[in-house]
Amino acid sequence: MLNPAQIHANAIVIDGHADTPQRFVDEGWNFTDPLGQGMLNLETARAGNLAAEFFAIWVDPQQWKGQMAHRTLQLIDGVYEQLRKHPSTMCLGCTPEDIRRAHRERKFCVLLGIEGGHSIEADLGLLRIYHRLGVRYMTLTWSNTNQWADSSGDLNDPTVEHHGGLTAFGREVVREMNRLGMIVDVSHVADSTFWAVMETSQRPVIASHSSARALTDAPRNLSDDQLKAIADSRGVVMVNFYPSFIDARWRAGWAATQPQREALYHAAAQPYQERGQPLPYHVLLSIDRAFYTEHLQHQLPLAPLSALVDHIDHVATVAGIDHVGLGSDFDGFAIAPQGLGSAAGLPSITAALAERGYDSSQLTRLLGANLLRVLEEVQNGTS
């Protein structure tokens, strides 16, 4: 008889994306500390049998304008400081074997992914330096179009200069990532950029934290044609847990409050602006949590776990079971789906998928084996 708890406990569970490094640098918080207002720490990772996590190195392009590389290195250093402080419980992973070894040694494996190509400041030298520091994927854009790639986040902004996808330099970035063995990540990119990537990359491509557009019509989600294209590249789509990407009802209710929340963000930012300091991301998350608790929790219930499972199921059906994974986006948003307020809730996903008929082999693949395969193929230059 299928035992989902045992399957989950035996799997090498890998999550494709978490914004936890902001906490290390901006809050002086340690990964071994109590969870506090976050979603991921060592205790919840162990409770959820999370073996490895891609920590997102994300630089806010407005708050750190002119200091992109500086902030990128600051965040990478913040992760390295955690590794230095906790050598018996954490280690850096750069290869599939590093991940497997950490799992055998019962250490939490830290992987590095840059979120937003603006971090390389249009300089392939910086891309190579980040790779030497252990970065193993780069999301080509964040919500902002950069000098060489269009984002899905600002296509309707007439003040932004767009490129029709990738520039010639953008294609060079993709080719250099292929050469280095760094995974190309298409979460956040515009559709035009996506298809330019698929024309250019000779290695498997991932979406580190994107859901299905057929179920929730968000520009950040992927169409069925895009899901199939990633599968054709032998890549993986790692499904995002953010309620606005998996639940249309929640998306509409949350979006309706955007003007009220923007006013609160502006007020919170003023003291930082007066001091000439960037606004820490955790301030915005705190505002969102408080706003939801005070104004919305009764009229906008948490997104159900079933909504997330629907997206995982859809990607598995359209792209194939070898091309789906988990990309939580933990610590990147304030209000989680029901039962997934922290990494400790991950086994509930496995249980829900088992109820829908997924067997042991299928669950093991989507929980982490698929991403391990992609990392191996990209690093070995095979596809």
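The values are calculated or read from the model by the stated rules, or taken from the named source; none is laboratory data. Bear in mind that the values here come from a model prediction, so they are computed numbers and not experimental data. Cβ: placed from backbone, ideal geometry, glycine included. Neighbour counts: every protein chain shown.
For the reader, a short list of remarks on this structure follows.
- Inspection of segment 32-42 finds a residue satisfying the criterion of being of a type outside the set (S, T, N, Q), farther than 30 Å from A269 by Cβ and either modelled with pLDDT of 95 or more or under 20 Å from the mean Cα position of the chain (by Cα) (or both).
- In segment 61-75, the residues that are of a type in the set (G, A, S) form Cβ pairs under 8 Å with partners that are buried (at least 19 other Cβ atoms within 10 Å of the Cβ), at six or more places apart or across chains, as follows: A69/S119; A69/I120.
- Here segment 351-383 is the region considered, the condition is being of a type in the set (V, I, T) and under 19 Å from the mean Cα position of the chain (by Cα), and the residue that is farthest from D310 (Cα to Cα) is V378.
- Filtering segment 128-156 to residues that are over 19 Å from the mean Cα position of the chain (by Cα) and under 14 Å from V184 (Cβ atoms) leaves only W148.
- Some residue of segment 157-175 being more than 17 Å from the chain's Cα centre (by Cα), among the aromatic types (F, W, Y) and buried (at least 21 other Cβ atoms within 10 Å of the Cβ): no
- Selection from segment 82-111 of residues that are within 27 Å of L279 (Cα to Cα) and touching a helix residue (DSSP H, G or I) at 6+ places or on another chain (Cβ under 7 Å): Q82, V110
- Hey, V160 closer than 30 Å to E43 by Cβ, in contact with an Asp or Glu (Cβ under 8 Å, 6 or more places away or on another chain) and of a type in the set (V, I, T) or not: no
- Yes/no for C109 being part of a strand (DSSP E or B), within 28 Å of T350 (Cβ to Cβ) and without any contact (Cβ under 8 Å) to a residue 40 or more places away in the chain: no
- So I114, is it modelled with pLDDT of 95 or more, in contact with a helix residue (DSSP H, G or I) (Cβ under 9 Å, 6 or more places away or on another chain) and not in a helix (DSSP H, G or I): yes
- Here G36, G28 are screened, and the one residue that is without any contact (Cβ under 8 Å) to a residue 12 or more places away in the chain and within 17 Å of A334 (Cα to Cα) is G36.
- Scope segment 347-375; condition among the hydroxyl-bearing types (S, T, Y) and farther than 19 Å from H314 by Cβ; matching residues: S360, S361, T364
- Failed criterion for V186 (all others in (1) β-branched (V, I, T); (2) more than 15 Å from W142 (Cβ to Cβ); (3) in contact with a helix residue (DSSP H, G or I) (Cβ under 9 Å, 6 or more places away or on another chain) hold): (2)
- Listing of helices (runs of 4 or more DSSP H) fully contained in segment 240-329 that carry 1 or more residues being of a type in the set (S, T, N, Q): 243-246, 258-274, 281-291, 305-319
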